[in-house]
Amino acid sequence: MTYTTLLFDLDNTLFDASSCEPDAFAYALAKGGVPESRSHWETFTGINDALWAAVVRQELTPNEVQARRFADLVEAADLEADPALLADEYVVGMGAYGELYPGARETLEQLSRRAALGLITNGLGAVVRARIDRLKLEQYFDAIVISGEVGTSKPGAEIFGLMFDALGHPEKEETLMIGDSPSSDIAGANNYGIGACWYNPERKPRPEGIRLDHEIASLDELSLLIADR
Ligand SMILES: [Mg+2]
């Protein structure tokens with residue numbers, strides 16, 4: 001199968017979110033007058049991971065995560081800080097820090113000349129839009145769908161339907177979803193009936209219960225999966 005339409009996840013697929021989150025957290029705590037502490041970060045990541053898992057289960061929306069994670073942190077760590085201020089500053093920091101993975105921009109440049117590209121991401125609209133603007137990503141994509149803006153998330157079929165509307169309904173069998181998350185990107189592609197490509201640079205073992213059409217360790221392998229046109 002050669003693909004004519006490629007749908008990309010953003011965080012941990014094109015964008016290195018690992019360095020962004022601790023930087024944004026330190027920025028938010030500094031703005032909120034809280035002395036930096038390793039234990040606060042560990043508490044926060046536990047809270048954040050649990051809340052995002054609830055988003056994947058469709059029990060919470062991304063906007064509810066944004067409101068709750070600092071309220072939960074302030075309570076759990078007994079901080080003297082305004083959770084709403086921390087939450088707002090974290091969003092500013094999340095948009096302001098972090099870079100694309102090495103080679104990701106070159107891959108997007110090349111693929112965007114040969115296929116239709118979509119960006120489909122679970123995240124807060126303000127964070128994702130700030131990253132797209134700062135990193136000048138809009139030029140590569142024919143459509144961008146952000147869960148926090150549309151109120152529905154991967155792996156649900158609805159957000160893929162919105163992407164297909166925006167792209168003018170490409171053939172499902174010629175469309176490939178590329179992402180790092182088995183539970184949102186790959187399960188979502190399986191739910192919607194499009195091809196699934198797992199971006200797995202660390203070569204983790206394949207999870208059970210999902211269908212993979214392709215597995216790649218480097219984004220530049222994608223050029224082999226699309227036809228010249
Ligand atoms: Mg991801």
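The values are calculated or read from the model by the stated rules, or taken from the named source; none is laboratory data. Keep in mind that what you see is a predicted model, and the values were worked out from it rather than measured. Because the Cβ atoms are built from the backbone with ideal geometry, glycine has one as well, and the counts that use them run over all protein chains shown.
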Just wondering, is there one or more residues in the stretch 48-57 that are of a type outside the set (A, V, I, L, M) and either assigned by TED's automatic domain parsing to the domain that holds D185 or outside any helix (DSSP H, G or I) (or both)?
yes
Restricting the stretch 2-18 to residues that are near the ligand (Cβ under 8 Å from one of its atoms) and not in a loop (DSSP other than H, G, I, E, B), which is farthest from the chain's Cα centre (by Cα)?
A17
How many residues of the stretch 172-217 are closer than 20 Å to L162 by Cα and acidic (D, E)? The answer is 3
Just to be sure I understand, how many residues within the stretch 185-222 are polar (S, T, N, Q) and outside any loop (DSSP other than H, G, I, E, B)?
2
Which residue, of L29, L51, is buried (at least 21 other Cβ atoms within 10 Å of the Cβ) and either at negative phi or modelled with pLDDT of 95 or more (or both)?
L29
Look through L124, L167, L111, L162 and report the one residue that is within 16 Å of the ligand (Cβ to nearest atom) and either buried (at least 17 other Cβ atoms within 10 Å of the Cβ) or at pLDDT 95 or above (or both).
L124
In the stretch 170-205, how many are free of Cβ contacts under 8 Å to residues at least 60 places away in the same chain and away from the ligand (no atom under 14 Å from the Cβ)?
7
Pairs where the first residue, in the stretch 7-20, is over 13 Å from R105 (Cα atoms) and the second is assigned to a loop (DSSP other than H, G, I, E, B) and near the ligand (Cβ under 7 Å from one of its atoms), C-beta under 9 Å, 6+ apart:
D9/D180; D9/S181; D11/D180; D11/S181; N12/D180; N12/S181; A17/L10; S18/N12
Within the stretch 127-159, of all residues that are charged (D, E, K, R) and part of a loop (DSSP other than H, G, I, E, B), the one surrounded by the most Cβ atoms within 10 Å (Cβ to Cβ) is K154
